[in-house]
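The values are calculated or read from the model by the stated rules, or taken from the named source; none is laboratory data. Note that this is a predicted model, so its numbers are computed, not measured. As a convention, Cβ positions derive from the backbone with ideal geometry for all residues, glycine included, and neighbour counts pool all protein chains shown.
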Amino acid sequence: MPRVRVSVEGYNTLLPEEDIEKALTDHFTSCGEVFNVTFSQGRVGRAFIILRGDGSNEKALQLNGSDAGGWNVLVKVTPEDDEETQRYAATLHRETYYDTRLLMYILSIKTEKIRRCYLMEVKWED
């Protein structure tokens, strides 16, 4: 099934992302299946929508300048391997994976302290 990625601008960045995502999904459903909606990092006012279906490219471009409930949509077809997409993917990677070494270090210290307290308690009871 053909797919296309479009960037969308013009929405109110003060709205919660969930509300914007729903509005965009509702607005672009006529273009095909709305497969994914993501937002640029920070509140720069740009979302990326991946649409699937025949003619979704042309249909999405026809929505350029249309009213989406109080704001005009600016639509551009964007390649999926452009520089901003790569930056966004790298940001997701950094935010998704956490370094657990500090947590493990803290747990080892606490475990050692608990062990010492237990040993002291056992010796005290003898």
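Structure summary
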read-out	value
Of all residues in the stretch 9-51 being over 18 Å from Lys76 (Cβ atoms), charged (D, E, K, R) and not in a helix (DSSP H, G or I), the one that is modelled with the highest pLDDT	Glu33
Filter result (of a type outside the set (A, V, I, L, M, F, W, C), crowded, with 17+ Cβ neighbours inside 10 Å and closer than 9 Å to Val4 by Cβ) within the stretch 29-52	Gly32
Residue match in the stretch 52-62 (condition: touching a Leu at 6+ places or on another chain (Cβ under 8 Å), assigned to a loop (DSSP other than H, G, I, E, B) and at pLDDT 85 or above)	no
Residue within the stretch 63-71 that is free of Cβ contacts under 8 Å to residues at least 40 places away in the same chain, part of a strand (DSSP E or B) and of a type in the set (D, E, K, R) present	yes
